[in-house]
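To start, the structure under review is shown below, and the notes come after it.
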Amino acid sequence: MSSHTPTAAESNLPPLVKGPHSKRLGQVALVATLGGLLFGYDTGVINGAIDPMTAELGLEVSEIGLVTSTLLAGAAVGALTIGYLSDAIGRKKTILLLSTIFFFGAILCAIAPNLGILLLGRVLLGLGVGGASTVVPVFLAEMAPYEIRGSLSGRNEMMIVVGQLAAFVVNAILGNVWGHHEHIWRYMLAICALPAVFLFIGMLRMPESPRWLLSKGRNEEALAVLNTVRSPERAVAEARDIERTLELESHAVTPKLGSMLKDKWILRIIGVGVALAVFQQFTGINSIMYYGTLVLQDAGFSQQAALIANIAPGVIAVIGAFIALWMMERINRRTTIITGYSLVTILHLLIGSSAFWLPEDAAIRPWILLFLIVGFVGSMQTFLNVATWVLLSEIFPQQIRAFGMGFAVFCLWVANAFVAYFFPIALDAVGLNNTFFGFAVINALAVLVMVKFLPETRGKSLEEVEVGVTTGAIYIVKPKDK
């Protein structure tokens, strides 16, 4: 969700009314966000598959990190490249391609006879995840009327955490019922192929983005699409509005990226965007999403109990995402982010110091650590995850928005891969407590960086934010209350 002030053209549009077109728009969003579901499932399923996979393939600790991080390295490449592909061939065709990549990646992982083939499958899945992280939100934003664009686009983030929760539940069921089977991890990974099939079949019946069609001069097709997801009057008015915008953009003189990057305020906001992206990953959130069962086993749970207990962080993640969407237009972004990093730092310190105040053989130890871990995940999802993506979509000026967003998301995936690779190594080398002490130090630094550099964007139109960024005023002017 972004803080959006309607333009004059938008304000003069016929009001949004409900009708059969509303149902159709909901169907389009449901099918498209299966891409987010696949994103979540593929990043979360490794959580429960690690132990049986390690046993069958004889993986070393560093190889466990490699299996996890190769998906994320693929995602970094996918985020940089597949967005450009969607500009060339369209959103619909790109999402169909992504569903195919997800399907073959899942199958390749499930049948992998050795580590090499498994890594190849994980890279394919990563390309799908990275592509989905860029193309699906764009498709949803371009399909949605401006009045509900925030809530409609926010469904993708919701589906990501639902996908992770689904992975944790599937892992718990398979691990506890058929965990004695040597190849159980293969079934965990293969299940991902099912939503990929549904996404492919569903997208065959979905329309192309009307904004993309208009940008290619296919005006009649675009109007036909708009007539299926808007009232007739609104469809015509929006088509004309988009055409006018495209015409203005075609005659606009856009400053070159090189000259923009010489501006100290532009460089500063790019640094802020990268900090938002990288610090989000260095909270260690994905150490729980990818290795939660290992962490819980280290805390004292048995392997089967850890699979079940791991569902709790997944549940709180979904609840936190709902709360975050509600908070977006009610609480300042700076307040949300700084509160989030402060809470995460405190919880990391409590987890790290548990060795001093919680005997290792205490029966209650795993349950207290589970409570702290759930609190950590809840704090992340409520205060940091959604807010980070909202800020990244708002803070970059139009002239460098594609570059700024793309570069920040690339850095995010690289940081994600770094944490995924080194976390099991750190856990094995220095233990749970010292690993979380390290996270606490990083997140305390994040609090200081956000207090000093993070701008406020709530209550401002994207145009106001752009002026504030390019003049530096955004750092010294208080946001308007809504």
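Each value in this text was obtained by applying a stated rule to the coordinates, not by laboratory testing. Here the structure is a predicted model, which means the values were calculated and not measured. Here the Cβ is made from the backbone with ideal geometry for all residues, glycine too, and neighbour counts use every protein chain on show.
Report ³J(HN,Hα) in whole Hz for each residue of the stretch 433-439, in order, from the Karplus equation J = 6.51 cos²θ - 1.76 cosθ + 1.60 where θ = phi - 60°; Gly and Pro get x.
Calculated HN-Hα couplings, in order: 5, 5, 4, 6, 4, x, 4 Hz.
So if I take the centroid of the Cα atoms in the stretch 294-314 and the same for the stretch 322-352, what is the distance between those two points in Å?
So the two Cα centres are separated by 24 Å.
Output wanted: per-residue J couplings in Hz (rounded whole) for the stretch 166-176, from phi through Karplus 6.51 cos²θ - 1.76 cosθ + 1.60, θ = phi - 60°, x for Gly and Pro.
Once θ is set to phi - 60°, the couplings for the stretch 166-176 become 4, 5, 5, 5, 4, 4, 5, 5, 5, x, 8 Hz.
With 5 Å bins from zero, work out the P(r) of the stretch 20-60 over every alpha carbon pair and list the percent per bin.
Result, from short to long distances: 6, 19, 14, 13, 12, 10, 8, 7, 5, 4, 2, 0 percent.
Could you list, in their original order, any pairs among LYS18/LYS93; LYS93/LYS216; LYS216/LYS262 whose Cα atoms are separated by more than 23 Å?
Table pairs above 23 Å Cα-Cα are LYS18/LYS93; LYS216/LYS262.
Helix 91-111 sits at what angle to the longest principal axis of the chain, using alpha carbons and giving 0 to 90 degrees rounded to 10?
10 degrees
Compute log10 of I(q)/I(0) for the stretch 317-412 with the Debye formula, placing one identical point scatterer on every Cα and leaving out solvent, at q = 0.16, 0.19 Å⁻¹, to two decimals.
After summing over all Cα pairs, the log10 values are -0.76, -0.92.
Just report the Cα centroid separation between the stretch 24-80 and the stretch 161-195, whole Å.
The stretch 24-80 and the stretch 161-195 have Cα centres spaced 12 Å from each other.
Using only the alpha-carbon atoms, how far is helix 311-327 inclined from the longest principal axis of the chain? Give it as 0 to 90 degrees, nearest 10.
The two axes meet at around 30 degrees.
So what does the Cα-only Debye profile of the chain read at q = 0.06 Å⁻¹, as log10 I(q)/I(0), no solvent term?
The computed values of log10 I(q)/I(0) come out as -0.27.
With r defined as the distance between the Cβ atoms of ALA363 and GLU56 and R0 fixed at 22 Å, what FRET efficiency is calculated, to the nearest 0.05?
0.10
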